[in-house]
Amino acid sequence: MAKSRRTSENILYLFLIPALVVYLFFYVYPMFTGLYYSLTDWDGMAKQKIFIGFRNYLDIFRDQYTRTATMNSLIYTVVVTFLSNIIGLVLALMLERRSNINNVFRSIFFVPAVLSPVVAAFIWKYMYSPQSGAINSLLRVAGLEILSRDWLGDPHLAMASVMLVPLWQWGGNVMIVFLAGLMNIPEEHHESAKIDGASYMQRLVHITLPGLRPAIIFNLIISTIGSFKTFDFIFILTYGGPGFTTEVLTLQIYKHALYTAKFGYGSAVAVMLTLLIVLFTIAELKLLTRNEEGYL
């Protein structure tokens, strides 16, 4: 019987082999290949790849454009991650109770999340158009033409305009995760707190938010990774402009790998971006899981 069980388990493990092969070939192999390329001066075409050690990484700190792109990526990630989670949390708290009208609004807010980022970017590119865009057209109809702007062409507004797109698209997704978290908080906790005279804000701080800890951790990490990896929105909306005001690391990687014949340098930027994602993820986990027992 035991031998038969072990045989069955071994057969089950065999079914994991195709998935493991795919993972190794499409994830692990490219990761180590990119790490190797980052230590060379390869131009993406030549057969010869000259090993240059950490020169590409040193050039990152010397390159003003890469430093600017790094700062833009950090600002974009912090702002989008923070605001998307605040928006999602507020929507979840407003639509927590089950009702037909709440179900309608949940669906409305979630619709952008099912769109492709490319589709979302083109929708907003049309809306931001200075001449025929929906935003400026509405301002003109409302008699507020003085507020019309070239939203993507103004260096002072371009980054904020780009940030609005992921907030619009991701807010509903974050909301759904928070709604699932709210459903896991026992109603008895709130009822007991009400009997003890706790206000809504007291219940929010001492019951709701601690109960949402797993959802908060999940949303923050997913939002952080997604923000750092953002490419579609910026590529379509501004291509890093005007000037260099919306240039981010993902766009730098793309340009160096395909247009400047500096594949090795682009790989080094990609490795740095990966390290930033890992560091931010670890920091969020440490911050949100410390003293966890005190919230249980």
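The values are calculated or read from the model by the stated rules, or taken from the named source; none is laboratory data. Keep in mind it's a predicted model, so treat the numbers as computed, not measured. Counting neighbours? That spans all protein chains shown, and the Cβs are built from the backbone with ideal geometry, glycine included.
What is the one condition in (1) more than 25 Å from the chain's Cα centre (by Cα); (2) not in a loop (DSSP other than H, G, I, E, B) that residue 98 does not satisfy?
(2)
For region 224-245, which positions are assigned to a loop (DSSP other than H, G, I, E, B), closer than 16 Å to residue 120 by Cβ and of a type outside the set (Phe, Trp, Tyr)?
Once the filter is applied, which keeps residues that are assigned to a loop (DSSP other than H, G, I, E, B), closer than 16 Å to residue 120 by Cβ and of a type outside the set (Phe, Trp, Tyr), region 224-245 yields 229, 230, 238.
Run residue 201 past the list (1) over 23 Å from residue 284 (Cα atoms); (2) without any contact (Cβ under 8 Å) to a residue 40 or more places away in the chain; (3) surrounded by 15 or more Cβ atoms within 10 Å (Cβ to Cβ) and report the number of the one that doesn't hold.
(3)
Can you tell me which residues in region 236-253 are of a type outside the set (D, E, K, R) and crowded, with 19+ Cβ neighbours inside 10 Å?
237, 238, 240, 246, 248, 249, 250, 251, 252, 253
Output yes when any residue across region 104-119 is farther than 30 Å from residue 180 by Cβ and of a type in the set (D, E, K, R), and no when none is.
Scanning region 104-119, I find no residue that is farther than 30 Å from residue 180 by Cβ and of a type in the set (D, E, K, R), so the answer is no.
In region 157-184, what count of residues is obtained for those that are surrounded by fewer than 17 Cβ atoms within 10 Å (Cβ to Cβ) and either in contact with a Ser or Thr (Cβ under 8 Å, 6 or more places away or on another chain) or charged (D, E, K, R) (or both)?
Residues flagged as surrounded by fewer than 17 Cβ atoms within 10 Å (Cβ to Cβ) and either in contact with a Ser or Thr (Cβ under 8 Å, 6 or more places away or on another chain) or charged (D, E, K, R) (or both) within region 157-184 amount to 0.
The conditions are (1) under 30 Å from residue 258 (Cβ atoms); (2) surrounded by 14 or more Cβ atoms within 10 Å (Cβ to Cβ); (3) at pLDDT below 95, and residue 81 fails exactly one of them. Which is it?
Status for residue 81: all satisfied but (3).
Restricting attention to region 38-45, does a residue exist that is more than 21 Å from residue 251 (Cα to Cα) and either surrounded by 11 or more Cβ atoms within 10 Å (Cβ to Cβ) or free of Cβ contacts under 8 Å to residues at least 24 places away in the same chain (or both)?
No, region 38-45 contains no residue that is more than 21 Å from residue 251 (Cα to Cα) and either surrounded by 11 or more Cβ atoms within 10 Å (Cβ to Cβ) or free of Cβ contacts under 8 Å to residues at least 24 places away in the same chain (or both).
Looking at region 185-203, which of its residues are within 25 Å of residue 107 (Cα to Cα) and either part of a helix (DSSP H, G or I) or touching a Gly at 6+ places or on another chain (Cβ under 7 Å) (or both)?
185, 187, listed by residue number.
Going through region 112-155 one residue at a time, which ones are touching a residue at least 24 places away in the same chain (Cβ under 8 Å), outside any helix (DSSP H, G or I) and either aliphatic (A, V, I, L, M) or surrounded by 13 or more Cβ atoms within 10 Å (Cβ to Cβ) (or both)?
115, 128, 152, 153, 154, listed by residue number.
Would you say residue 149 is closer than 22 Å to residue 212 by Cα and of a type in the set (Lys, Arg)?
no
Find the residue count for region 246-292, including only residues that are polar (S, T, N, Q), at pLDDT 90 or above and under 15 Å from residue 65 (Cα atoms).
So the answer is 3.
Is it the case that residue 243 is free of Cβ contacts under 8 Å to residues at least 40 places away in the same chain, more than 20 Å from residue 85 (Cα to Cα) and not basic (Lys, Arg)?
In short, no.
Looking only at region 22-37, which residues are surrounded by 16 or more Cβ atoms within 10 Å (Cβ to Cβ) and free of Cβ contacts under 8 Å to residues at least 24 places away in the same chain?
None; the set is empty.
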